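A quick write-up on the structure given underneath.
The values are calculated or read from the model by the stated rules, or taken from the named source; none is laboratory data. Quick caveat, the model's predicted, so the values are computed rather than measured. Note that each Cβ is placed from the backbone with ideal geometry, even for glycine, and that neighbours are counted across all protein chains shown. The accessibility values were calculated without ligands, DNA or RNA, using every heavy atom of the protein model including side chains. Shrake-Rupley method; radii C 1.70, N 1.55, O 1.52, S 1.80 Å.
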Amino acid sequence: MTRTAAGSATGVRRRTAAAALVLGLSAVLAACGSEDGGGDSPKLSVSGAYVPQPPTPDMAAGYVTVTNKGGADDELTSVTTPLAAEVTMHTTTGTRMKQVRSLKVPADGELRLATGGDHLMLTNLTHKPKVGDKVSFTLHFASSDPVEIKVPVEPTTYRPKD
């Protein structure tokens with residue numbers, strides 16, 4: 001090989017190595033996330049949970065706020081409690097209530113279950129809870145680990161302060 005051919009081959013190798021390095025770094029940066037927080041995981045916390053004392057012995061409602069400070073959405077897929085044989089999730093639009101299989105917990109947002117809006121329905125209660133009781137709930141999510149909480153039973157007319 002002549003000196004020019006050798007120098008040319010070295011230059012090609014250097015350019016190829018530089019291109020490979022740029023492509024590799026681009027792939028790493030893309031995997032780290034994008035403007036919408038892609039690649040992040042949900043970071044959930046739960047607050048404001050309560051059960052109004054039910055007026056009947058077999059059915060109650062439940063309310064809670066799930067806050068997501070992560071960069072990815074999650075979904076509340078089910079809730080379990082020893083108080084009820086079944087817990088269903090409902091959305092409310094106007095005066096229409098609809099049972100749903102899951103409720104979205106948006107990235108950098110919250111799922112708010114509140115009186116007159118989306119809520120939990122607890123049916124076939126094991127007993128009628130009294131004001132001051134604490135009820136165990138386990139919230140199950142599509143991506144995040146289950147969250148166990150103790151939920152106070154409040155008076156039927158209770159309205160939380162925002």
Say R0 is 22 Å: what FRET efficiency, to the nearest 0.05, do ASP133 and SER45 get from their beta-carbon distance? 0.40
So how strong a dipole does the stretch 74-139 carry about its Cα centre when Lys and Arg Cβ are +1 and Asp and Glu Cβ are -1, to the nearest 20 debye? 300 debye
Under 5 Å from the placed amide H of SER144, counting only residues 5+ away or on other chains, we find GLU75
Residue-wise HN-Hα coupling along the stretch 142-154, computed from phi with Karplus coefficients 6.51, -1.76, 1.60 (Hz; x: Gly, Pro): 5, 10, 7, 5, x, 10, 9, 9, 9, 10, x, 8, 10
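Carbon and sulfur: what percent of the stretch 40-79's accessible surface (1.4 Å probe)?
53 percent
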Please sort by residue number the trypsin sites (Lys or Arg not before Pro) in the stretch 115-162 whose DSSP state is loop and whose Cβ has at most 10 other Cβ atoms within 10 Å. LYS130, LYS161
Give me a comma-separated list of calculated 3J(HN,Hα) values for the stretch 124-134, in order, Karplus coefficients 6.51, -1.76, 1.60 applied at θ = phi - 60°, integers in Hz, x for any Gly or Pro. 6, 5, 6, 6, 8, x, 10, 3, x, 5, 10
